[in-house]
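Report on the structure given below.
Please treat every number below as a calculation from the coordinates, not as lab data. None of the values given here were measured: they were computed from a predicted structure. Backbone-built Cβ (ideal geometry, glycine too); neighbour counts: all protein chains shown.
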Amino acid sequence: GEMASQVLTMLVGEGAKIDVHGCKTVDMASSFGKALLEFTFIVMAAITLLLGINAAKSKAAGKVLFPVTFVTGISSIAYFSMASGGGWVIAPDCRQLFIARYVDWIITTPLILICLGVVAGVDRWDIMSLVLADVLMVSSLAAGSLTVGNVKWVWWFFAICWLLYIIFSLGKQWAESAKSKGGQSSSVYSKLAGIVVITWFLYPIVWVFAEGFGNFSVTFEVLIFAILDIISKAIFGLILMSGADTGYESI
């Protein structure tokens, strides 16, 4: 009894309980999954440095580049925490669930919308309403990933409702605003909004097969989310940077 529990503590580490949610085995990221997390951390950190240097160049550039520097910066911190073995819990469906992801998303996705709003030239209340919808969307997915059974899909449905509102606004009102600004803003906006609409639509789809039904292994989930994160944050930042010297017609 006593001896066995000491050996178990040695093997598993302090505070790690084997019988979490009655799980016999837990689907965890493989060594390839960990390598992916390390690689994504390096990419995000490098892009953060690049964006930060460019943001400091001029006041006009800084206005659009500071928010996106924090997007990749916060993402690199989240990836560092996951790559170094932290930032996760065991979900009720016996999967390794990276909570660090949701902490990242709840901060970085509003910043992405702020960047888009600045480029499109919409007013701050328009940005605020999408940011609130976005926070509700990420919170719903986080809540869904921590529950089992039918309730999980109620949360997912809530997230999709908020997402559709965001996509509709980006495609209609915000796009019209960017178009009326013309010039660099219009062309950069359509590229950035395209990236956001496509990648943000794919996140909850991947979620269905990962945190949802659990068809995807945790390692495959790490791979797909890493690709989506790099496109929706790092590449998003680079495209934003490409036209930042104009300050998007001094917003």
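Taken about its Cα centre, the range 135-223 carries a charge dipole of about 320 debye when Lys and Arg each add +1 at the Cβ and Asp and Glu each add -1 at the Cβ. Computed from phi, the 3J(HN,Hα) profile of the range 49-64 under the Karplus parametrisation 6.51, -1.76, 1.60 (θ = phi - 60°) reads 4, 4, 5, x, 4, 6, 5, 7, 5, 8, 5, 5, 5, x, 4, 9 Hz, with x in place of Gly and Pro. Between Trp153 and Ser190, residue separation times 0.36 nm minus the direct Cα-Cα distance comes to 10.1 nm. Taking the chain as a whole, the Cys residues whose C-beta sits 4.7 Å or farther from every other Cys C-beta are Cys115, Cys161. Determine the shape class of the range 21-137: with a ≥ b ≥ c the square roots of the Cα gyration tensor eigenvalues, call it rounded for a/c under 1.5, and otherwise prolate if a/b is greater than b/c, oblate otherwise. It is oblate, given that a/c is not under 1.5 and a/b is not larger than b/c. Summing Lys and Arg as +1 and Asp and Glu as -1 over all other residues whose Cβ lies under 13 Å from the Cβ of Leu146 gives a net charge of +1.
Here percent of Cα pairs over 28 Å apart was computed from the coordinates, and among [x] 53; [y] 40; [z] 37 the match is [z]. For the range 28-93, list log₁₀ I(q)/I(0) at each q in 0.15, 0.18, 0.26, 0.29 Å⁻¹, using the Debye formula over Cα point scatterers of equal strength and ignoring solvent, two decimals each. Calculated log10 I(q)/I(0) at the listed q: -0.54, -0.67, -1.00, -1.12. From its DSSP helices (H runs of at least four residues, each -39,500 (n - 2.57)), the chain gives a residue-normalised ellipticity at 222 nm of -24500 deg cm²/dmol. If you take all other residues with their beta carbon under 14 Å from the beta carbon of Ser217, and give Lys and Arg +1 and Asp and Glu -1, the sum is -2.
Full extension of the chain between Arg124 and Val26 yields a length gain of 30.8 nm, computed as 0.36 nm times the residue separation minus the alpha carbon distance. Taking trypsin sites (Lys or Arg not before Pro) across the range 57-94, the ones in a DSSP loop with at most 12 further Cβ atoms lying within 10 angstrom of their Cβ are Lys57.
Summing Lys and Arg as +1 and Asp and Glu as -1 over all other residues whose Cβ lies under 11 Å from the Cβ of Leu65 gives a net charge of +2.
Relative intensity of the range 125-169 on a log10 scale, I(q)/I(0) at q = 0.18, 0.26, 0.29, 0.30 Å⁻¹, equals -0.49, -0.81, -0.92, -0.96, per a Debye sum over C-alpha point scatterers of equal strength in the absence of solvent.
Fully extending the segment from Ser242 to Ala56 would add 65.5 nm, taking 0.36 nm per residue of separation and subtracting the current Cα-Cα distance.
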